[in-house]
Amino acid sequence: MKLFDVYPLFDVNIVKGKGCKVWDDKGQEYLDLYGGHAVISIGHAHPHYIEKVTEQLQKLGFYSNSVINKLQVELAERLGKFCGYDDYQLFLINSGAEANENALKLASFTNGRTRVLSCEKAFHGRTSLAVEVTNNPKIIAPINDNSHVTYLPLNDLPAWEAELAKGDVCAVILECIQGVGGIKLATKEFAQGLAAACKKYGTILICDEIQCGYGRSGKFFAHQGLDIRPDIITVAKGIANGFPMGGVLISPEFKPVYGQLGTTFGGNHLACAAALAVLDVFEEEKLVENANSVGSYLIEQLKELQKTEKHIVDVRGRGLMIGIDLDCPHADVRKPLIYQEHCFTGCAGTNILRLLPPLCLTKQEADEFIEKLKKVLVQERN
């Protein structure tokens, strides 16, 4: 049997990682400024993470959600306190797409509506409703295209208010920092106006924090920098540092009903052990604060580089979620970064480099990246 060939791959076989570095099967070291799509939050192969996951695996890896799992209870309590939502409820699943599916389903159960507002260039997953609220026709199959969704420009508050005023919108789903969309940031004025309009018209506000959350923005959640409090928050990626896991944080206004939501693998013992280990490291190493300080430093250095490098058109972001607009295709920079300078970055659109490193990135590693980028840009200029 062959793999179903849907991924365009770089010719690199990564076999080992440590902190913000990874190594291929030939022993070549790479600086990781991508974190496997923002998944690696506490760094590769963190010793505490390895210890806790191994310890749990030696006791029990999985049992079903038909019995008490005290690790789930502990995770809900600790996550609630750490992120400032200790009055919310937690539903655990296995991925970001699942988190958004369940958030939208819960919203529709609550107000009985079926229409959703989503952003232009939004990405919320590749399954059913999650892909329908993703603004990319290339990945929406006919079976998923059910006319539930209206896409609107980010930060155009009057357009959103006009749609909400029709009174038929079930939910608004929003990335406060768009990832796949190119590191586009919601403004505070827009976010607060949108939250107020949702409340006025009985619409559920869902903040998709799958990529921009879990400390990446320099706050635990990106929306906390905008002073809003959504009805539902979805998380995944950094929650368990590479172990498949997702979560839905649900306002106390929602009342759970037996059987309404469900999952086989969600919140299993091993996943909870991984997520608890991540919180341990967040607390011990102050990774949210580190994302804020090192991210600010890296953005500052990139803006300095922009003054002398004509290929850099714009630099934006918050914390360790950074976009670099180029005046050339991102492949012209990204490929030599990988193959010549041995550094991984991400991309968006046709000309944006996307930086999503582990939250333990140091200023020294940020400087290392700047030097690698300089070399590639000089080469591109010549």
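The values are calculated or read from the model by the stated rules, or taken from the named source; none is laboratory data. These figures come from a predicted structure and were not determined experimentally. Because the Cβ atoms are built from the backbone with ideal geometry, glycine has one as well, and the counts that use them run over all protein chains shown.
Just one of Cys198, Cys170 is touching a Lys or Arg at 6+ places or on another chain (Cβ under 6 Å) and either touching a residue at least 60 places away in the same chain (Cβ under 8 Å) or more than 23 Å from Ser95 (Cβ to Cβ) (or both); which is it?
After applying the criteria, what remains is Cys170.
Taking Cys207 as the residue in question, decide whether it is in contact with a His (Cβ under 6 Å, 6 or more places away or on another chain), at pLDDT 95 or above and either farther than 30 Å from Gly61 by Cα or not assigned by TED's automatic domain parsing to the domain that holds Trp160 (or both).
yes
Picking from Val116, Val149, which residue would you name as being in the same structural domain as Lys199 (by TED's automatic domain parsing), within 20 Å of Ala195 (Cα to Cα) and in contact with a His (Cβ under 6 Å, 6 or more places away or on another chain)?
After applying the criteria, what remains is Val116.
Name the one entry in Cys207, Cys212 that is buried (at least 24 other Cβ atoms within 10 Å of the Cβ) and part of a strand (DSSP E or B).
Exactly one of Cys207, Cys212 is buried (at least 24 other Cβ atoms within 10 Å of the Cβ) and part of a strand (DSSP E or B), namely Cys207.
Across the stretch 121-154, which residue is surrounded by the most Cβ atoms within 10 Å (Cβ to Cβ) among those that are within 20 Å of Cys207 (Cβ to Cβ) and β-branched (Val, Ile, Thr)?
Ranking the candidates gives Val133 first.
Of the numbered conditions (1) under 18 Å from the mean Cα position of the chain (by Cα); (2) part of a strand (DSSP E or B); (3) not hydrophobic (A, V, I, L, M, F, W, C), Thr150 fails exactly one; give the number of that condition.
Only one criterion in (1) under 18 Å from the mean Cα position of the chain (by Cα); (2) part of a strand (DSSP E or B); (3) not hydrophobic (A, V, I, L, M, F, W, C) is unmet by Thr150, namely (1).
Scan the strands (runs of 3 or more DSSP E) fully inside the stretch 238-354 and keep the ones with 2 or more residues being over 30 Å from Val378 (Cβ atoms) and within 23 Å of the chain's Cα centre (by Cα).
Those strands (runs of 3 or more DSSP E) span 246-250.
Just to check your reading of the model, which residue among Asp227, Asp145, Asp231, Asp208 is touching a helix residue (DSSP H, G or I) at 6+ places or on another chain (Cβ under 9 Å) and without any contact (Cβ under 8 Å) to a residue 24 or more places away in the chain?
Only one candidate passes the filter, namely Asp145.
Run Glu77 past the list (1) within 21 Å of Leu287 (Cα to Cα); (2) outside the structural domain of Arg318 (by TED's automatic domain parsing); (3) over 19 Å from the mean Cα position of the chain (by Cα); (4) surrounded by 18 or more Cβ atoms within 10 Å (Cβ to Cβ) and report the number of the one that doesn't hold.
Result: Glu77 fails condition (4) only.
Only residues that are small (Gly, Ala, Ser) and out of contact with any strand residue (DSSP E or B) (no Cβ under 6 Å at 6 or more places or on another chain): list them for the stretch 279-323, please.
Answer for the stretch 279-323, where residues must be small (Gly, Ala, Ser) and out of contact with any strand residue (DSSP E or B) (no Cβ under 6 Å at 6 or more places or on another chain): Ala291, Ser293, Gly295, Ser296, Gly319.
If I filter the stretch 54-73 for residues that are surrounded by fewer than 22 Cβ atoms within 10 Å (Cβ to Cβ), under 16 Å from Ile173 (Cα atoms) and in the same structural domain as Ile233 (by TED's automatic domain parsing), do I get at least one hit?
Scanning the stretch 54-73 turns up no residue that is surrounded by fewer than 22 Cβ atoms within 10 Å (Cβ to Cβ), under 16 Å from Ile173 (Cα atoms) and in the same structural domain as Ile233 (by TED's automatic domain parsing).
(1) closer than 20 Å to Lys184 by Cβ; (2) buried (at least 17 other Cβ atoms within 10 Å of the Cβ); (3) free of Cβ contacts under 8 Å to residues at least 60 places away in the same chain: which one isn't true of Arg316, the others all being true?
With (1) closer than 20 Å to Lys184 by Cβ; (2) buried (at least 17 other Cβ atoms within 10 Å of the Cβ); (3) free of Cβ contacts under 8 Å to residues at least 60 places away in the same chain applied to Arg316, the lone miss is (3).
From the list Ala97, Ala191, which residue is assigned by TED's automatic domain parsing to the domain that holds Asn241, among the hydrophobic types (A, V, I, L, M, F, W, C), in contact with a Gly (Cβ under 7 Å, 6 or more places away or on another chain) and touching a residue at least 24 places away in the same chain (Cβ under 8 Å)?
Ala97
May I ask you to list the residues in the stretch 38-53 that are of a type outside the set (Val, Ile, Thr) and crowded, with 22+ Cβ neighbours inside 10 Å?
The answer is Ala38, Ser41, Gly43, His44, His46, Tyr49.
If you go through the stretch 358-366 one residue at a time, do you hit one that is in contact with a helix residue (DSSP H, G or I) (Cβ under 9 Å, 6 or more places away or on another chain), of a type in the set (Gly, Ala, Ser) and not in a helix (DSSP H, G or I)?
Taking every residue of the stretch 358-366 in turn, none turns out to be in contact with a helix residue (DSSP H, G or I) (Cβ under 9 Å, 6 or more places away or on another chain), of a type in the set (Gly, Ala, Ser) and not in a helix (DSSP H, G or I).
Quick one: in the stretch 12-31, which of the residues that are assigned to a loop (DSSP other than H, G, I, E, B) and without any contact (Cβ under 8 Å) to a residue 40 or more places away in the chain is nearest to Gly182 (Cα to Cα)?
Looking at residues that are assigned to a loop (DSSP other than H, G, I, E, B) and without any contact (Cβ under 8 Å) to a residue 40 or more places away in the chain, I get Asn13.
Just to verify a result, which residue in the stretch 164-180, among those that are of a type in the set (Gly, Ala, Ser) and surrounded by 21 or more Cβ atoms within 10 Å (Cβ to Cβ), is nearest to the chain's Cα centre (by Cα)?
Selected residue: Gly179.
Filter the stretch 5-20 down to the residues that are hydrophobic (A, V, I, L, M, F, W, C) and under 16 Å from Cys343 (Cβ atoms), then identify the one that is surrounded by the most Cβ atoms within 10 Å (Cβ to Cβ).
Cys20
Can you pull out every residue in the stretch 240-256 that is of a type outside the set (Gly, Ala, Ser), closer than 15 Å to Gly125 by Cβ and touching a strand residue (DSSP E or B) at 6+ places or on another chain (Cβ under 6 Å)?
Correct list: Val248 only.
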